[in-house]
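Report on the structure given below.
The values are calculated or read from the model by the stated rules, or taken from the named source; none is laboratory data. Because the structure is predicted, anything quoted here is derived from the model rather than measured. Counting neighbours? That spans all protein chains shown, and the Cβs are built from the backbone with ideal geometry, glycine included. Only protein heavy atoms, including side chains, enter the accessible area calculation; ligands, DNA and RNA are left aside. Shrake-Rupley method; radii C 1.70, N 1.55, O 1.52, S 1.80 Å.
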Amino acid sequence: MRRISLTGAAVGLALTLTACGGSGDSKETEKAVELEGRGEITFVTGKDTSGNLQKQVDDWNAAHPQEPVRVIELSDKADEQRQQMIQNAQTKSDAYTVLNLDVVWTAEFAANRWVVQLPESELGLDKLLAPTVDTGRYLDKLYALPIDSDAGLLYYRTDLMEKAGIDKAPPTWSELFSACDTIKEKVAEAKDLDCYAGQFDKYEGLTVNASEAINGAGGSVVDESGKPTVNTPEAKAGLDVLVNAFKDGHIDEKAITYTEELGRADFIGGKLIFHRQWPYQYASATDPKASKVVGKFDVAPLPGSNGPGVSTLGGHNFAISSFAKNKATALDFLKYMSSPEVQKANALVIGKAPSVASLYDDADIVKKFPYMPSLKTAIENAKGRPKVVKYGDVTTAVQEAAYGALTGKTTTEQALSDLQAKLETLTQ
């Protein structure tokens, strides 16, 4: 990989950071933050199981011996990573410099002034996919730079569809369930297969799947300002898609316990016809040592109620701690890690979906991962999860409501009514 040198004269970048408290009140006094200082920094992230991250840091260190980066690996569990970063911020420690944030943490970290506002004009945002950039914004200001992205895709069995005379992936839920019925009726080997699965256990995956169903029907959980909007006919129609599919058997009852890995095992084991999953499943599904569906599947955008659906954005953004030293070096490191060269390496080595738009048409990447054009479409049409300060409480409320409706413990109407009331208290 070509090393990228981003060093230069030390500069003080006078930036304006809206001083928002935990309530997200944008009317508080503005506070100037200078991105200055050069020298050693730390990069705080979850476990690097690939080894690729350390290689990229080593390349940086070789080119910047006076400004080395030291990697601090936290837990492999996202909730624990977030808590450790929060604890560091609450003590105003300078131990953490660059933070690898889940896209749903931006509002919380920005509102509490734990990260600094970034200089948009220096970061080449026009080269990035617009929805990924939006995940780094809070109150219309940029606090985190998108490094990689993610979006849900529909995995489907092309061999079974072909035998049933179906020539394209279903763009709507009704067409998906109809296709499943046709396949099970006409293809003997598919008679006992499950039709569809996603992630329906009571965890973050359920927030994602419920949000996709709601958004795909024209509804929303909160609006652009963070105001709850979930108690609407559109939101009910979306959640009812999943509720009714559990009732009529298009989603098997055991799928209420499904996480990404349980569903992945069933799909690559040849037990599922359609599966909502993240792009990472592609590698194992094409592995002849692990998969029974090699050469028998493809991917497409998720279905919606009246046309192609709306995927939920995933991915990670990098931010700079408000309490760190050497912020000028940190900014250069952000530029390095977001560069097309580094993102291409991430895509080729570990299948990370880039935030740089042009890489989805890169011949080397598309050759290795043919789903990239479909993934680009999914990301371009995707929506982020609720952009709220108290995201942890909000996602728990969404999970409780959706799980109650899917398991029949409450009606969809009551679940969404209760959720609306709960979210109104959490977003005040």
* Asked: What shape does region 126-226 take by its C-alpha gyration tensor, where a ≥ b ≥ c are the square roots of the eigenvalues and a/c under 1.5 counts as rounded, a/b above b/c as prolate, and the rest as oblate?
  -> prolate
* Structure fact -> Note on the chain: contact order normalised by length, alpha-carbon pairs under 8 Å, 6 or more apart, percent, works out to 24 percent
* Structure fact -> Along region 365-381, Karplus-curve 3J(HN,Hα) (6.51, -1.76, 1.60; θ = phi - 60°) to the nearest Hz, with x for Gly and Pro, reads 5, 5, 4, 7, 10, x, 6, 4, x, 5, 5, 4, 4, 4, 5, 4, 9
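With runs of 4+ DSSP H residues as the only contributors, calculate the mean residue ellipticity of the chain at 222 nm using -39,500 (n - 2.57) per run, divided by the residue total and rounded to the nearest 500. Numbers along the way, then the final one.
Numbers: 16 runs with 166 residues, N = 428.
It lands at -11500 deg cm²/dmol.
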* To do: May I ask for the distance between the Cα centers of region 339-386 and region 122-181, given as a whole number of Å?
  => 11 Å
* Structure fact -> Rounded to the nearest 10 degrees, the helix 204-215 long axis (Cα) sits at an angle to the longest Cα principal axis of the chain of 70 degrees
* Please work out the FRET efficiency for the pair GLN83 and THR49, using the Cβ-Cβ distance as r and a Förster radius of 22 Å; give the result to the nearest 0.05. => 0.60
* On a 0 to 90° scale, report how tilted helix 52-63 is relative to the longest principal axis of the chain, with both axes built from alpha carbons and the result rounded to the nearest 10. => 20 degrees
* **At R0 = 41 Å, FRET efficiency that the Cβ-Cβ distance of SER93 and THR232 yields, to 0.05** => 0.40
* To do: Report, in cubic angstrom per residue, the convex hull volume of the C-alpha atoms of the chain.
  => 130 Å³
* Would you please give the residues with an amide H less than 5 Å from that of ILE320, counting only those at least 5 places away or on a separate chain, with H modeled from the backbone geometry? => LEU99, VAL116
* **Cα gyration tensor category, rounded, prolate or oblate, for region 44-151 with a/c compared to 1.5** => rounded
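If you stretched the chain out fully between THR158 and SER417, how much longer would it get, using 0.36 nm times the residue separation minus the C-alpha to C-alpha distance?
Details: separation 259, 0.36 × 259 = 93.24 nm, distance 3.98 nm.
Result: 89.3 nm gained on full extension.
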* Report the residue, chosen from SER75, SER355, SER305, that carries the largest GNM mean-square fluctuation when the chain is represented by alpha-carbon nodes joined by springs under 10 Å. => SER75
* Asked: Picking from ASN52, ASN215, ASN346, which is most flexible by a Gaussian network model of the chain using Cα springs under 10 Å?
  -> ASN52
* To do: Taking only protein heavy atoms into account and a 1.4 Å probe, give the accessible area per residue of region 73-192 in Å².
  => 43 Å²
* Can you pull the accessible area of SER211 for me, 1.4 Å probe, Å² to the nearest 10? -> 10 Å²
* Structure fact -> Candidates VAL294, VAL69, VAL133; GNM for the chain (alpha-carbon contacts under 10 Å) flags as most fluctuating VAL294
* Asked: For the pair GLU36 and THR286, what calculated FRET efficiency results from E = 1/(1 + (r/R0)^6), where r is the Cβ-Cβ distance and R0 = 41 Å, to the nearest 0.05?
  -> 0.30
* At 1.4 Å probe size, with every protein chain present, just tell me what the per residue accessible area of region 324-371 comes to in Å². => 35 Å²
* At a 1.4 Å probe radius, carbon and sulfur cover how many percent of the accessible area of the chain? -> 48 percent
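List the trypsin sites (Lys or Arg not before Pro) within region 246-346 that DSSP assigns to loop and that have no more than 12 neighbouring Cβ atoms inside 10 Å. Don't jump to the answer; show the numbers that get you there.
Values: sites: LYS247, LYS254, ARG264, LYS271, ARG276, LYS289, LYS292, LYS296, LYS325, LYS327, LYS335, LYS344; in loops: LYS271, LYS289, LYS292, LYS296, LYS325.
Answer in residue order: LYS289, LYS292.
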